[in-house]
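First up is the structure itself, then whatever we jot down about it.
Just so it is clear, none of the values below were taken in a lab; they were calculated from the coordinates. It should be emphasised that the depicted structure is a prediction, and the values quoted were computed from it without experimental measurement. Backbone-built Cβ (ideal geometry, glycine too); neighbour counts: all protein chains shown.
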Amino acid sequence: MPMGLRLVVVGIAGVGKSTVVQKCVSSIEGATLAVFGTAMFDAAKELRWVKHRDEMRKLTVEKQKRLQKVAAQKISRGRGRVVIVDTHLFIRTPEGFWPGLPFVVIQSLKPTHLVLIEAEPEEIVSRRENDKTRYRDMVTKEEVSAELTLARTFLSAASLVSGAPISFIRNYEGKADEAAEQIRQLVRSATA
Amino acid sequence: MPMGLRLVVVGIAGVGKSTVVQKCVSSIEGATLAVFGTAMFDAAKELRWVKHRDEMRKLTVEKQKRLQKVAAQKISRGRGRVVIVDTHLFIRTPEGFWPGLPFVVIQSLKPTHLVLIEAEPEEIVSRRENDKTRYRDMVTKEEVSAELTLARTFLSAASLVSGAPISFIRNYEGKADEAAEQIRQLVRSATA
Amino acid sequence: MPMGLRLVVVGIAGVGKSTVVQKCVSSIEGATLAVFGTAMFDAAKELRWVKHRDEMRKLTVEKQKRLQKVAAQKISRGRGRVVIVDTHLFIRTPEGFWPGLPFVVIQSLKPTHLVLIEAEPEEIVSRRENDKTRYRDMVTKEEVSAELTLARTFLSAASLVSGAPISFIRNYEGKADEAAEQIRQLVRSATA
């Protein structure tokens, strides 16, 4: 088994996850980034199932599940000292919330640490409203609160299933550096 | 593997699940109903463990667990295009809340979609009070709220374990048709 | 498989779990106590990994995980009629909340019943403040509330994964006898 850390970092749309993840990758020594969706797309191209990224969502559920597993295996076999895995905990679809980290993916990915980025519901709603090209679904503050709870529930179940510890990191408005610093401290503890 | 959908529909006592399920079965083309408790009873009769339904609760926990598994396998091997599985997420007993969809049952049942029917705590308490022959346990609004949260937690864990997407459907008083329509839309998306 | 009951009793720091557990062990006929941490320490001594208890926390995560599994197997193979397993649901560390009952441990431990001891956030904060030698981390009422929710979420996932029923027992200030009595009733129902 590779000796490195695999930190799975998740958070619902609008918590500012991407910013925090980028800051982690550039501030943590030896850290590399693995974007789960990109790893899935790469696997799909290798299998010649797709040529372009927008073809991904047209694949059958069975094919998407297989790509999830292949991507997870590839990431877990990587040799990075600290791999930051940027992925979705769930995806809102007309069929319901699809789990992004189901049991079979967790078994392949073998995360060493689970990190949930959180923010205030008001901040999340306002970020989604201000970036309508990125966030297509309009949601109320109540729906965002429910998503935040759902995220905690999902990641806690993921922690129990994987045995990996779980951290809740609050990303306050304009304080992404502090959130990234907390993750850096976590990595320092884990490699001490 | 059979190609059909298996929608597991659950909800705590008093949310009006039965009504919604019946409306789904009659309005969704090709839908059939599988009542989990009945499938367990049928399995028990075949094994000659019981003759009458009220003997079921006298069976040992081990036997009940085996019946759960057999029922799940039978339902998952069925050939229906859309099977609506009506079951309990948990059952309140003197030994605690028994999970109706534990890991081994989920593995056998292989649900394709998980649906949680929800309602306002006040409505649930009032339905339970108005039908004392059906709902024997009297509970407070606080206990009902706790059960609703527990249901979300249990079904989220079930989603993570099974990889099936999860939907939360609100069944407003007198609007069971709308709840059923949402499930019909979900099936349409899944079969599109 | 041994025929006895294995009640896993957990609760966050400050709920008064130890008192309740002791009362259960002395009031329930045929009950024996298995302290999970002690079972891990015994296993570590047998393997000659440590001599003293304070060396435990210096072991690598891999070794600690192996000890968890060995301890779980040993407890599940015990012959007690009613084994009360006293353990941690999670442990607050600089790497996050470590799950004390991850999937692999649950599979080895094979709990028959899961019990969560709960208390009011105010009571918990006050107990932690009054016993600073035992509880090193100072936490706010909000953090305690979040821990209580996390405990419910974790144990619910454990229930789903293990198939064991889950009970929530409220330990009111000065009423540990009543909490223990509820557990005694649960055992009576299970052995009836």
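Averaged over A:141-153, how many beta carbons belonging to a partner chain fall within 10 Å of each residue's beta carbon?
3
Using a 10 Å cut-off on Cβ to Cβ distances, tally the other chain neighbours for every residue of C:61-69 and report the average as a whole number.
1
As a test of the formula, what do you get for the protein assembly as shown when each DSSP H run with n ≥ 4 contributes -39,500 (n - 2.57) and the sum is divided by the residue count, at 222 nm and rounded to the nearest 500 deg cm²/dmol?
Mean residue ellipticity, 222 nm, calculated: -15500 deg cm²/dmol.
Under a plain spin-label model, where a point goes 7 Å from the Cα along Cα-to-Cβ, how far apart in nm are B:T32 and C:T133?
Result: 6.8 nm between the two label points.
Could you work out the mean count of beta carbons from other protein chains within 10 Å of each residue's beta carbon in C:102-108?
Counting Cβ atoms of other protein chains within 10 Å of each residue's Cβ and averaging gives 4.
How far is C:L47 from the same spot in each other copy, in nm, shortest first, if each label point sits 7 Å from Cα toward Cβ?
Computed spacing set for this position: 3.8, 3.8 nm.
Kindly provide log₁₀ I(q)/I(0) values, in the same order as q = 0.13, 0.14, 0.24, 0.25 Å⁻¹, from the Debye equation applied to equal alpha-carbon scatterers of segment C:114-168.
Per q value, in the given order, log10 I(q)/I(0) is -0.39, -0.45, -0.90, -0.93.
What are the extents of the Cα atoms of segment A:1-50 along their three principal axes, in Å, largest first?
Sorted from largest, the Cα extents of segment A:1-50 read 36, 33, 17 Å.
May I ask you to report, in nm to one decimal and beginning with the shortest, the distances from A:L33 to the same position in the other copies, taking label points 7 Å along Cα-to-Cβ?
So the distances to the same position in the other copies read 5.2, 5.2 nm.
Treat each spin label as a single point 7 Å out from the Cα along the C-beta direction, and report the A:L59 to B:S189 distance in nm.
With each label placed 7 Å out from Cα toward Cβ, I get 2.0 nm.
In cubic angstrom, how much convex hull volume per residue do the alpha carbon atoms of segment B:34-164 span?
123 Å³
Whose amide H sits under 5 Å from the amide H of B:L5, counting only residues 5 or more places off or on another chain, with H placed in the peptide plane?
B:V82, B:V83
Across 10 Å bins from 0, what is the distribution of all Cα-Cα pair distances for the protein assembly as shown, in whole percents?
Distribution as computed: 3, 16, 27, 28, 18, 7, 1 percent.
Greater than 20 Å separation of Cα atoms is the criterion. Which listed pairs, C:K17/C:K175; A:K110/C:K63; A:K45/A:K132; B:K141/C:K17; A:K141/B:K175; B:K45/B:K132, meet it?
The pairs that break the limit, which is 20 Å between Cα atoms, are A:K45/A:K132; B:K141/C:K17; A:K141/B:K175; B:K45/B:K132.
May I ask you to derive the FRET efficiency for C:R79 and B:V104 from their Cβ-Cβ distance with R0 = 22 Å, giving the value to the nearest 0.05?
The pair C:R79/B:V104 has a calculated efficiency of 0.30.
Around C:G37, what is the net charge, scoring Lys/Arg as +1 and Asp/Glu as -1 over all other residues with Cβ under 9 Å from its Cβ?
With Lys, Arg at +1 and Asp, Glu at -1, the net is 0.
If you put a point 7 Å past Cα along the Cβ direction, how far is that point for C:E122 from the same point in each other copy, in nm, smallest first?
2.7, 2.7
In whole Å, what is the distance between the alpha-carbon centres of segment C:107-170 and segment B:1-32?
About 35 Å separates the Cα centre of segment C:107-170 from the one of segment B:1-32.
Spelling out what I want: for every residue of segment B:118-128, take phi, set θ = phi - 60°, compute 6.51 cos²θ - 1.76 cosθ + 1.60 (Karplus), and round to whole Hz; glycine and proline get x.
Calculated HN-Hα couplings, in order: 10, 8, 5, x, 4, 4, 5, 4, 5, 5, 5 Hz.
What ³J(HN,Hα) values, in whole Hz, does the Karplus curve 6.51 cos²θ - 1.76 cosθ + 1.60 give for segment C:67-74 when θ = phi - 60°, with x put for Gly and Pro?
These are the phi-based 3J(HN,Hα) values: 5, 4, 5, 4, 4, 4, 4, 4 Hz.
Dimensions of segment C:1-105 along principal axes (Cα, Å, largest first)?
39, 30, 27
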